[in-house]
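The structure appears right after this line, and notes come after that.
The values are calculated or read from the model by the stated rules, or taken from the named source; none is laboratory data. No experiment lies behind these values; they were computed from the predicted model shown. Positions of Cβ are backbone-derived with ideal geometry, glycine not excepted, and every protein chain shown enters the neighbour counts.
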Amino acid sequence: MSATPSRPAINEPAPSSRRHDEEAVSSPTNLPPGQPRYEFFHVVQRYLDKAAKLIQLPDYIHQILSQPKNEIICHFPVKMDSGQVRLFKGYRIQHSNILGPYKGGMRFHESASLDDFKALAALMTWKCSLMGLPFGGGKGGIKFNPRTVSRNELQRITRRFFHALGGNIGPDYDIPAPDMGTNAQTMAWAMDTYMNTVGMVQKQAVLGVVTGKPIASGGTVGREKATGQGLVYCILEWAKRNHFDLEGKKLLVQGFGNVGSHTAVLLSHLGVSLAAVGDHTGYLYNPEGFNAHRLQKYVEEKGSIAGYPNGKAITREEFFSLQGDIFVPAALENQIGPAEAEALNVKLIAEGANGPCSPEGEAVLLKKGIEILPDVLANGGGVTVSYYEWVQNRRSESWDLAEVDRRLKDAMEHAYSRVVHATRQHQTDYRTACYCVALERLQRVYEEREIFP
């Protein structure tokens, strides 16, 4: 195998002709019970279509942005601890690079599919555009459950995947980051694999091939909490504009991984009490409020909230029926359908996950007067601080936490202001306004650069 393979655009069959193994049944966390498979990419397309019509986006730009530029699928073998050789399926979807290199996370999850990665890559394009970053959108990962393999197996799987991608990623071309099922250690393995297979003479020049790395390996302070921190800055801005006092308010969090846990901890410092929490193992309730920091440490050690002693086990239905003030869905997409939306009794939903509200669920929420801070804005802190890490790598600089947080706060507030302006200008909801702002920036670039040749 060549050390520097070309960058193919591998065309995937149309949805109607996809092979059965690409249509895996989603995990219980991914879909509420009894619901059919969620066509995430089609949902994102509907938002695109609505915003494009509202701003009168030229048809040719709409058409270009309606599909990813490249869809890369690879199969690669890995020898497991038992000696058995197992074949894995990896994806990298590169949606748009008109604004700069493709940028987006790598997800390791058993329900991963082409449809999901296409949707997530498109969301990254809108997110980077909205946040004013010089990046386009990408997303990828591997279809498997990382909790079912050993650490050594996980390292081999990760390295073989990034070796298979070869020159399809790079610090000036496509820059992966952590996502669900991956972390800073995963990115360290990825960076090291890239450095040792692509054949760069100046190793330090390719530190920026991935972001979300450990600090000692070129990462930045503040990256681990960045998505949660950005989410909190959005909540603070919403509270300020709506004269809403956060002190003493109740928080519900679905998904207590990186985003959900950091959001809960940061909000606890502002006097917000974590009343209920859920993850792939179940849901817990504590009317007196959880110690968010202790719960975060417990999950870091145990891998889930299961067995945490200071909460009462409740059902998913009971969780969504609880009275609260702020709900942060930070798990997977399609968690809030019409039934959940009818049950929810909160004032604000701040989307820590991508696409947690179905369109039907969102319609119910808006009718009830529950405000939504949409994913494209609310969880934009992660990619923003990833950009800061990339800049530090390129400049051989090291910023302190105060500098990173100051820049992030300014970025989130400016993006929030642009969205609020768009809601008034176009007389629309927050989510559509986010798409309008993102598309208007993309439109300007396409009109200035025009179409080659």
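A compact table of results
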{"quantity": "Verdict on Asn145 being surrounded by fewer than 24 Cβ atoms within 10 Å (Cβ to Cβ) and touching a strand residue (DSSP E or B) at 6+ places or on another chain (Cβ under 8 Å)", "calculated": "yes"}
{"quantity": "Pairs with Cβ under 8 Å, 6+ apart, first in the range 164-180 and closer than 14 Å to Tyr387 by Cβ and touching a residue at least 60 places away in the same chain (Cβ under 8 Å), second charged (D, E, K, R) and surrounded by fewer than 20 Cβ atoms within 10 Å (Cβ to Cβ)", "calculated": "Pro171/Arg394"}
{"quantity": "The range 247-269 residues that are of a type in the set (Phe, Trp, Tyr), paired with ones that are outside any helix (DSSP H, G or I) (beta carbon under 7 Å, 6 or more apart)", "calculated": "Phe256/Val277; Phe256/Asp279; Phe256/Ile305"}
{"quantity": "Condition check for Tyr233: of a type in the set (Ser, Thr, Tyr), surrounded by 19 or more Cβ atoms within 10 Å (Cβ to Cβ) and not in a loop (DSSP other than H, G, I, E, B)", "calculated": "yes"}
{"quantity": "Hey, Ser66 under 16 Å from the mean Cα position of the chain (by Cα) and outside the structural domain of Asn354 (by TED's automatic domain parsing) or not", "calculated": "no"}
{"quantity": "Total residues in the range 96-129, condition farther than 28 Å from Arg37 by Cα and surrounded by fewer than 24 Cβ atoms within 10 Å (Cβ to Cβ)", "calculated": "5"}
{"quantity": "Evaluation of Val376 against (1) exposed (fewer than 15 other Cβ atoms within 10 Å of the Cβ); (2) under 19 Å from the mean Cα position of the chain (by Cα) (one fails), failing number", "calculated": "(1)"}
{"quantity": "Unique residue being of a type in the set (Lys, Arg), in a helix (DSSP H, G or I), under 17 Å from the mean Cα position of the chain (by Cα) and not assigned by TED's automatic domain parsing to the domain that holds Glu237 when the list is Arg441, Arg431", "calculated": "Arg431"}
{"quantity": "Strands (runs of 3 or more DSSP E) contained in the range 79-168 and holding at least 3 residues more than 13 Å from the chain's Cα centre (by Cα)", "calculated": "85-96, 136-143"}
{"quantity": "Boolean, Val383 is within 26 Å of Lys213 (Cα to Cα), in contact with a strand residue (DSSP E or B) (Cβ under 9 Å, 6 or more places away or on another chain), in contact (Cβ under 8 Å) with a residue 24 or more places away in the chain and not assigned by TED's automatic domain parsing to the domain that holds Leu207", "calculated": "yes"}
{"quantity": "Check on Pro176, crowded, with 16+ Cβ neighbours inside 10 Å and either in contact with a helix residue (DSSP H, G or I) (Cβ under 8 Å, 6 or more places away or on another chain) or not basic (Lys, Arg) (or both)", "calculated": "yes"}
{"quantity": "Where a residue in the range 187-205 is outside any helix (DSSP H, G or I) and its partner, wherever it lies, is of a type outside the set (Asp, Glu) and at pLDDT 75 or above, with Cβ under 8 Å and at least six apart", "calculated": "Met200/Val206"}
{"quantity": "Condition met for Val391 (free of Cβ contacts under 8 Å to residues at least 40 places away in the same chain, out of contact with any Gly (no Cβ under 8 Å at 6 or more places or on another chain), surrounded by fewer than 17 Cβ atoms within 10 Å (Cβ to Cβ) and of a type in the set (A, V, I, L, M))", "calculated": "yes"}
{"quantity": "Only listed residue being more than 27 Å from Gly105 (Cβ to Cβ), in contact (Cβ under 8 Å) with a residue 40 or more places away in the chain and not basic (Lys, Arg), chosen from Ala339, Ala331, Ala313, Ala343", "calculated": "Ala339"}
{"quantity": "Helices (runs of 4 or more DSSP H) (entirely within the range 334-415) containing at least 3 residues that are of a type in the set (Ser, Thr, Tyr)", "calculated": "381-395"}
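Residue by residue, here is whether (1) assigned by TED's automatic domain parsing to the domain that holds Val265; (2) at pLDDT below 95; (3) buried (at least 22 other Cβ atoms within 10 Å of the Cβ) holds:
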{"residue": "Leu154", "(1), (2), (3)": "no, no, no"}
{"residue": "His163", "(1), (2), (3)": "no, no, no"}
{"residue": "Gly166", "(1), (2), (3)": "no, yes, no"}
{"residue": "Thr186", "(1), (2), (3)": "no, no, yes"}
{"residue": "Ala190", "(1), (2), (3)": "no, no, yes"}
{"residue": "Thr197", "(1), (2), (3)": "no, yes, no"}
{"residue": "Met200", "(1), (2), (3)": "no, yes, no"}
{"residue": "Ala205", "(1), (2), (3)": "no, yes, no"}
{"residue": "Val210", "(1), (2), (3)": "no, no, yes"}
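Every residue, every condition in (1) more than 17 Å from Thr125 (Cα to Cα); (2) of a type outside the set (Ser, Thr, Tyr), yes or no:
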site: Ala353; (1), (2): no, yes
site: Ser358; (1), (2): yes, no
site: Ile372; (1), (2): yes, yes
site: Asp375; (1), (2): no, yes
site: Ser386; (1), (2): no, no
